[in-house]
1. Would you say residue A:127 is surrounded by 13 or more Cβ atoms within 10 Å (Cβ to Cβ), within 14 Å of chain B (Cβ to nearest Cβ) and at pLDDT 80 or above?
2. Exactly one of these conditions fails for residue B:72: (1) under 21 Å from residue B:127 (Cα atoms); (2) within 14 Å of chain A (Cβ to nearest Cβ); (3) surrounded by fewer than 20 Cβ atoms within 10 Å (Cβ to Cβ). Give me its number.
3. Just give me the residues in segment B:12-30 being within 14 Å of another protein chain (Cβ to nearest Cβ) and either assigned to a strand (DSSP E or B) or under 15 Å from residue B:92 (Cα atoms) (or both), in sequence order.
4. Yes or no: segment B:132-139 includes at least one residue that is within 30 Å of residue B:38 (Cα to Cα), assigned to a strand (DSSP E or B) and more than 14 Å from every other protein chain (Cβ to nearest Cβ).
5. Among the numbered criteria (1) farther than 18 Å from residue B:139 by Cβ; (2) under 16 Å from the mean Cα position of the chain (by Cα), which one does residue B:39 miss?
6. Do any strands (runs of 3 or more DSSP E) lying entirely in segment A:66-112 carry at least 3 residues that are under 29 Å from residue A:44 (Cα atoms), and which ones are they?
7. Output the residue which, of all residues in segment A:130-144 that are modelled with pLDDT under 75, within 11 Å of chain B (Cβ to nearest Cβ) and closer than 18 Å to residue A:74 by Cα, is surrounded by the most Cβ atoms within 10 Å (Cβ to Cβ).
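The values are calculated or read from the model by the stated rules, or taken from the named source; none is laboratory data. Since this is a predicted model, take the numbers as computed values, not measurements. In this analysis, Cβ positions are derived from the backbone assuming ideal geometry, glycine residues included, and neighbour counts consider all displayed protein chains.
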């Protein structure tokens, strides 16, 4: 049996294969660090390892630090552990409890497909692709809470 | 302060904590007013001016320029670390000096592969003190003939 970890971040719902979820932690302090890849500006520390925060809750445009109510889903990827910031209410659901839809062609590189469960559509994240895009460090793509691609300044200036 | 091995100096820049081997530190200056000649700046090299120190003039580096950080503190509210280098003394602007700590009170943080491949972060060292990360400040990245810009 396979299962997904389902969580909410901002206005969107996401799913991650359970096999990739290492742990869910709460109340961790976030730390800023310089010179990180585009799209990442904070880390948390877990078992002496710096863990990049990929999805994060925002108040307006600002990250809320040290929130005791913040949950982080630690996932494994080819680039090491990553943390996905999530709102309370995360759950693990067996895949046969919902409807799995995998598109023949991905709308976005980091979305494998969609998992429909109790009337909600959860974007299934491809963590490795997401990390790979960020590791390029060119800022051309990063996943924000809106789930949208954020163009970097050069692309915006070029009007692409 | 040279000659006090086994200790590290902790300082902050733009809300980020850094740690520096005390062996590099000549003196900590809390007052910058009256010592700085900003006409002799070279911002491309991170030099914000010339600092009058013990009757000599030495370059004053602001690391935030190379680290992509923004300090909230006014320049005259910031502190200065005078460091010894292969080309003589030079100085670095910091926001605040937190104090000293024994070198063995830090342990090395594990850097994830995602960061190791980031151009600016590659080669950087991070240590942990009570599970809080501190960037290891490497002077040669900021000034001197062996300067290796992040």
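1. Details: surrounded by 13 or more Cβ atoms within 10 Å (Cβ to Cβ): yes; within 14 Å of chain B (Cβ to nearest Cβ): yes; at pLDDT 80 or above: yes.
Yes.
2. Against the list (1) under 21 Å from residue B:127 (Cα atoms); (2) within 14 Å of chain A (Cβ to nearest Cβ); (3) surrounded by fewer than 20 Cβ atoms within 10 Å (Cβ to Cβ), residue B:72 comes up short only on (1).
3. Of segment B:12-30, the ones within 14 Å of another protein chain (Cβ to nearest Cβ) are B:12-19.
Once the filter is applied, which keeps residues that are within 14 Å of another protein chain (Cβ to nearest Cβ) and either assigned to a strand (DSSP E or B) or under 15 Å from residue B:92 (Cα atoms) (or both), segment B:12-30 yields B:12, B:13, B:14, B:16, B:17, B:18, B:19.
4. No, the conditions are met nowhere in segment B:132-139.
5. (2)
6. Details: elements: A:71-77, A:80-86, A:91-94, A:99-101.
Where strands (runs of 3 or more DSSP E) fall fully within segment A:66-112 and carry at least 3 residues being under 29 Å from residue A:44 (Cα atoms), they are A:71-77, A:80-86, A:91-94.
7. Taking segment A:130-144 and keeping what is modelled with pLDDT under 75, we get A:134-144.
This time we only want the ones that are within 11 Å of chain B (Cβ to nearest Cβ), so: A:134-138.
Going one step further and asking which of them are closer than 18 Å to residue A:74 by Cα, we end up with A:134-135.
Values: A:134: 26, A:135: 22.
Checked segment A:130-144; the qualifying residue surrounded by the most Cβ atoms within 10 Å (Cβ to Cβ) is A:134.
Residue by residue, here is whether (1) out of contact with any strand residue (DSSP E or B) (no Cβ under 9 Å at 6 or more places or on another chain); (2) free of Cβ contacts under 8 Å to residues at least 24 places away in the same chain holds:
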| site | (1), (2) |
| --- | --- |
| B:48 | no, no |
| B:60 | no, no |
| B:65 | no, yes |
| B:80 | no, no |
| B:96 | no, no |
| B:104 | yes, no |
